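Down below is the structure, laid out as structure tokens.
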Amino acid sequence: MRINLNQAYMKRTIMAALIICSSVVNGLAQKYMTRTGKVTFFSSTPVENIEAFNNDVSGVVDAKSGDVAFIVPIKSFKFEKALMQEHFNENYMESDKFPKADFKGRITQLNAVSFGKDGNYPVQLQGKLTIHGVTKEVSLPGTITIKGNALTANAKFLVKPTDYGIKIPSMVESKIAKQIEVTVNSVLNRK
Amino acid sequence: MHIRKFILSVFVLGLGSFSVQAQGNDTGNGDDDLMAMLESEAATTANEYTTATFKTTRIANGHSIENTARGVLDFRVNHRFGLINSGLKDFFGLDGATTRIGFDYGITDWLMVGFGRSSFMKEYDGFAKLRLLRQKENGGMPFSLSYMGAISVQTNEVNLPDTLEYYFSNRLAYVNQLLIARKFSNALSLQLMPTHVHYNLVNYKNEPNDVIALGIGGRLKVSNRISLTAEYYYQFEETKRFVEGQPGTMTRNPLTIGLDIETGGHVFQLLFSNSTAISERNLVGQTVNDWGKGDIHFGFNISRVFTIVKPKGFENSRNKIW
């Protein structure tokens with residue numbers, strides 16, 4: 001009898017400890033992170049289509065506060081044409097002076113995202129986008145996909161190079177789009 | 001027994017609330033904290049090679065530290081007009097010209113090869129340029145080092161008495177060159193070029209077959225698309241050609257001053273030089289014109305690159321030229 005009671009206590013205590021522990025773990029694991037996020041940009045004109053890929057993007061999403069930050073190292077953009085990549089860094093983005101582009105902001109309707117439940121959640125991001133040393137207040141539409149411990153961040157938006165002080169000489173004006181399509185497709189893992 | 005468990009539970013609970021507390025502080029500072037977190041992670045990764053030390057694979061006449069990228073073909077047209085001081089009769093040199101047409105190709109990112117044909121002495125030349133060391137961005141290797149080796153054959157007609165045989169090997173010359181370059185800043189790059197040229201046959205009896213020279217070159221970026229360049233080869237006196245009683249045969253140190261202009265897929269190089277020819281064989285060891293007398297050629301190089309082998313990861317890209 002006494003032994004049984006002891007066992008019951010034991011069970012209950014272990015359960016309690018487990019619940020507390022798991023809640024502690026949950027409490028810690030509110031951030032999703034990556035260092036190998038993907039950002040693509042695409043410029044489309046009647047003369048030439050140009051696409052460049054970057055797989056070295058760092059990003060973090062804080063599930064509790066809704067804060068989001070992304071850093072894009074400019075020199076990591078890969079072009080099909082080596083000379084174009086050099087010109088992109090040297091002449092347009094001046095990546096020695098401005099090595100990174102970044103976005104700092106937050107998910108505006110955080111309640112709409114259930115981080116604990118698998119699914120697709122359309123979101124709106126509000127924040128500051130810095131490219132070529134110029135910071136602009138932006139509002140970007142995106143999608144958050146939760147699957148287990150992974151959060152996939154998807155966003156597609158247009159950026160005007162002239163808004164960020166990126167000069168395009170008249171000689172190549174016809175080859176570079178007035179608005180560049182930027183696509184974010186990054187898988188972030190729970191930390 | 002129960003008390004112990006109770007204490008344990010409280011301890012665990014305490015830990016839990018402590019961690020929540022910590023979490024609260026963390027998010028309180030917002031995304032600046034997140035940014036700092038990302039930056040500290042990113043900082044440990046990047047130590048990239050320095051790029052664009054020079055605009056193209058030649059400073060002006062001679063080689064720069066740059067290679068064509070893997071899978072890229074560079075079609076080059078070099079043109080040198082006649083001497084500027086030739087006056088109105090030859091329209092300041094524009095009437096006469098020497099040309100080299102060549103193709104360079106990047107086999108890997110560290111090995112390029114090239115081939116060209118010059119009108120001057122009907123010369124064919126081939127070369128290989130190997131990257132040995134590369135300057136790094138954030139400390140580490142402070143300079144880049146490459147080796148350039150070339151072979152050249154002049155196929156011009158040679159008039160000799162029937163009794164003398166002119167061997168094919170007589171037409172050959174070899175160039176060995178080290179390129180040591182450093183990009184000091186975005187605007188300034190400098191390069192040293194210790195150079196050895198071997199001529200299988202020379203024109204005069206007491207003319208050395210081997211010329212040793214030290215080249216120095218550099219570029220100064222004026223704007224993102226325009227750079228000033230200069231290159232000079234100092235020939236060591238003992239290896240210079242100087243024939244008593246033949247004043248016109250003395251070789252001079254070649255000096256070239258140029259301007260790089262870049263427009264999309266092209267690089268234009270405009271230059272002034274006392275060298276008539278374009279390849280190292282003639283440039284380094286057989287330049288006879290004198291800047292001081294105004295024996296200067298105006299010339300230009302045009303480079304147009306074509307991507308022959310698509311780099312990895314671009315198989316399904318949306319890149320397209322209409």
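The values are calculated or read from the model by the stated rules, or taken from the named source; none is laboratory data. None of these values were measured; they are calculated from a predicted model. Cβ sites come from the backbone with ideal geometry, for glycine too, and all protein chains shown count toward neighbours.
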(request) Any chance you could count how many residues in region A:45-76 are over 12 Å from the mean Cα position of the chain (by Cα) and either at the interface with another protein chain (Cβ under 8 Å from one of its Cβ atoms) or part of a helix (DSSP H, G or I) (or both)? (result) 13
(request) Kindly list the number of the only condition in (1) in contact (Cβ under 8 Å) with a residue 60 or more places away in the chain; (2) more than 9 Å from every other protein chain (Cβ to nearest Cβ); (3) touching a Phe, Trp or Tyr at 6+ places or on another chain (Cβ under 6 Å) that fails for residue A:93. (result) (3)
(message) Can you tell me how many residues within region B:303-322 are touching a strand residue (DSSP E or B) at 6+ places or on another chain (Cβ under 8 Å), surrounded by 13 or more Cβ atoms within 10 Å (Cβ to Cβ) and either of a type in the set (D, E, K, R) or away from chain A (no Cβ under 14 Å) (or both)?
(response) 2
(message) Considering only residues that are within 14 Å of chain A (Cβ to nearest Cβ) and in a strand (DSSP E or B), which ones fall in region B:264-301?
(response) B:266, B:267, B:268
(message) If I filter region A:98-109 for residues that are loosely packed, with under 13 Cβ neighbours inside 10 Å and away from chain B (no Cβ under 12 Å), do I get at least one hit?
(response) yes
(request) Name the one entry in B:204, B:174, B:199 that is out of contact with any strand residue (DSSP E or B) (no Cβ under 9 Å at 6 or more places or on another chain) and among the aromatic types (Phe, Trp, Tyr). (result) B:204
(request) Take region A:153-167 and flag every residue that is hydrophobic (A, V, I, L, M, F, W, C) and in a strand (DSSP E or B). (result) A:153, A:155, A:157, A:158, A:159
(message) All but one of (1) at pLDDT below 95; (2) under 13 Å from the mean Cα position of the chain (by Cα) hold for residue A:187; state the number of the condition that does not hold.
(response) (1)
(message) Can you pull out every residue in region B:50-66 that is crowded, with 23+ Cβ neighbours inside 10 Å and either at the interface with another protein chain (Cβ under 10 Å from one of its Cβ atoms) or free of Cβ contacts under 8 Å to residues at least 60 places away in the same chain (or both)?
(response) B:55, B:56, B:66
(message) Against the condition among the small types (Gly, Ala, Ser) and in contact with a Leu (Cβ under 9 Å, 6 or more places away or on another chain), how does residue B:185 come out, does it pass?
(response) no
(message) With touching a residue at least 24 places away in the same chain (Cβ under 8 Å), within 17 Å of residue B:175 (Cβ to Cβ) and basic (Lys, Arg) as the only criterion, which of B:241, B:252 stands out?
(response) B:241
(request) Would you mind finding the one in B:42, B:22, B:46 that is modelled with pLDDT under 90, more than 21 Å from residue B:181 (Cα to Cα), assigned to a loop (DSSP other than H, G, I, E, B) and within 9 Å of chain A (Cβ to nearest Cβ)? (result) B:46
(request) List the strands (runs of 3 or more DSSP E) that sit entirely inside region B:99-170 and contain at least 2 residues that are among the basic types (Lys, Arg) and at negative phi. (result) B:123-133
(message) So, in region B:72-101, how many residues would count as being within 14 Å of another protein chain (Cβ to nearest Cβ) and either surrounded by fewer than 17 Cβ atoms within 10 Å (Cβ to Cβ) or in contact with a Lys or Arg (Cβ under 7 Å, 6 or more places away or on another chain) (or both)?
(response) 2
(request) Please find, within region A:18-44, the residue that is modelled with the highest pLDDT out of those that are part of a helix (DSSP H, G or I) and within 8 Å of chain B (Cβ to nearest Cβ). (result) A:20
(request) Could you grab me the full set of residues in region A:64-77 that are surrounded by fewer than 22 Cβ atoms within 10 Å (Cβ to Cβ) and either polar (S, T, N, Q) or farther than 16 Å from residue A:180 by Cβ (or both)? (result) A:64, A:66, A:73, A:75, A:76
(request) Can you tell me which residue within region B:228-281, out of those that are over 30 Å from residue B:187 (Cα atoms) and of a type in the set (A, V, I, L, M), is nearest to the chain's Cα centre (by Cα)? (result) B:250
